[in-house]
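What follows is a single structure, written as structure tokens, with notes after it.
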Amino acid sequence: MSFDYDYFVIGAGSGGVRSSRIAAQLGAKVAVAEESFMGGTCVNVGCVPKKLLVYASHFMEEFHMASGYGWNVDDISLDWSKLIKNKDQEIARLNKIYQGILDRAGVEVFPERAVVTGPNSVKCGDKEFTAKYILVATGGRPTIPTFSGSEHVISSNEMFYLEELPKRFLVVGGGYIGVEFAGIMNGLGSKTTLSYRRDLFLRGFDDSMRTFIRDEMTKKEIDLKFNSNVSSIVKTDDGLEVSFEEGGKEVFDQVLYATGRHPYVQGLGLETAGVELDEKGAVKVDAKFKTSCPSIYAVGDVIDRVQLTPVALAEGMFVAHDLFGNGFREVDYELIPTAIFSQPEMATVGLTETKAREKFGDDVKVYDGSFRPMKLVLTDSEERTMVKMIVRKSTDEVLGIHMGGLYSGEIIQGMAVALKAGAKKEDFDRTIGIHPTSAEEFVTMRD
Ligand code: NDP
């Protein structure tokens, strides 16, 4: 049977673009449909604009620090609309780059919504195409609970297009997005509150790092409300009046809900091809990302394994090579490093102390320490850096590395390579440090 395409990819986000480009380069006839902007969440309303806002938000503190180094930095002010305009220009540039990547690879791009109409067919606008294989790479969308006044809150998508900087800002949620936006908005000058439903945010990360980030954010005067839940929101002349279940009301100009994301499968027609979803609504796939329909594959946030761009890229690449190449190394979910661009930022690879002790009991040794980073010594910033290494005593294997403080993301990426290579504590000990850096702490940790 002949098909219009070998591979029809739904969604031009990180996973979809990578997979369609590789498939085309391997000789497949490929099309990709995207109903929104090229590049998906990461490029448009995720990693990229978020990091630009993180950079923007650091300047206020850095101008202040600069005075400790002798600079006169009076009259500082933020032009919010210029920031957003420049950010938009950069995103538009990236959208074009993504389009160019696909064009050069010979991928046909349909700038519209596609829905599955059968195991080998897709409807795109008013046209229907057949494809030997279909890839679902539609990503996820923010999840916002429904409650009295929930129509007044926004998701991270809208945060990137606010017309003005809110003077009083509330973020609900204690995961990546909540903690990152609390830092961003506080740094840009909003009076910032974070409300989280349990007693300490960043659940799943190493406990001492969570406490460290809590303490550092408190020093920056972010109002952290733990064991806190919003009961209702009323719009008043003064702003959004938020009532908390634990008691009290406060007025904010903007309320962000960063309460997780769900797989984007609504109206995609997956049921027409017998594609099964799991109990959380994610597309179920096997080890090779094949769904319950043998001609349909899925990667990225829509399968809800690890909601991280580099993971979606690896998954998309795997499927393209598996279907059109000579096979490819399997996606390795072990030791995935990750960073939260909180302020200060935090990054981690490997086991937390709790997980290591669950797994190895007393056979675990922890090295940790905190210090004032050198960059800050001439300033009145009280920010500290924390480093932590978890080692298995009997084998000397390094099980986990955690860092909170300046450049953590950059440093932990390198540490992840060492852990992937099976580094032992002794390998760290015999490595010469680079002085003076924060990273050298990892090779000078002793009892
Ligand atoms: P997360 O899953 O990280 O965090 C969701 C937070 O919301 C948790 O603190 C959760 O609490 C809380 N929550 C969930 N439901 C409710 C509710 N009904 N009421 C109140 N609180 C609630 O999701 P995010 O939205 O922060 O981010 C989505 C994903 O995007 C992340 O998991 C991450 O994979 C990815 N991401 C990665 C980034 C990076 O790499 N730097 C940056 C941003 C996002 P509880 O702890 O109790 O479950």
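The values are calculated or read from the model by the stated rules, or taken from the named source; none is laboratory data. These numbers were taken from a predicted model, which means no experiment stands behind them. Neighbour counts are summed over all protein chains in view; Cβ atoms, including those assigned to glycine, are modelled from backbone coordinates with ideal geometry. What goes into the accessible areas is simple: the full protein's heavy atoms, side chains included, and nothing from ligands, DNA or RNA. Shrake-Rupley method; radii C 1.70, N 1.55, O 1.52, S 1.80 Å.
For this structure, a couple of remarks:
- Against the criterion of being acidic (Asp, Glu) and within 16 Å of the ligand (Cβ to nearest atom), residue 151 qualifies.
- Of the strands (runs of 3 or more DSSP E) lying entirely inside region 150-241, not one contains at least 3 residues that are at pLDDT below 95 and surrounded by fewer than 23 Cβ atoms within 10 Å (Cβ to Cβ).
- Pairs meeting the criteria (first residue in region 174-187 and under 12 Å from residue 218 (Cα atoms), second residue hydroxyl-bearing (Ser, Thr, Tyr) and assigned to a helix (DSSP H, G or I), beta carbons under 9 Å, at least 6 apart or on different chains) are 183/57; 186/57.
- Residue that is open to solvent by less than 50 Å² (accessible area, probe 1.4 Å) and more than 23 Å from residue 154 (Cα to Cα), where the choices are 255, 275, 251: 275
- Residue match in region 62-77 (condition: open to solvent by 50 Å² or more (accessible area, probe 1.4 Å), part of a helix (DSSP H, G or I), more than 16 Å from the ligand (Cβ to nearest atom) and closer than 24 Å to residue 160 by Cα): yes
- Of the candidates 365, 355, the single residue that is in a helix (DSSP H, G or I) and surrounded by fewer than 23 Cβ atoms within 10 Å (Cβ to Cβ) is 355.
- The residue that is surrounded by the fewest Cβ atoms within 10 Å (Cβ to Cβ), counting only those in region 99-119 that are in contact with a Cys (Cβ under 9 Å, 6 or more places away or on another chain) and assigned to a loop (DSSP other than H, G, I, E, B), is 112.
- When region 133-148 is filtered for residues that are more than 10 Å from the ligand (Cβ to nearest atom), open to solvent by 40 Å² or more (accessible area, probe 1.4 Å) and in a loop (DSSP other than H, G, I, E, B), only 148 remains.
- Failed criterion for residue 193 (all others in (1) under 16 Å from the mean Cα position of the chain (by Cα); (2) hydroxyl-bearing (Ser, Thr, Tyr); (3) more than 22 Å from residue 47 (Cβ to Cβ) hold): (1)
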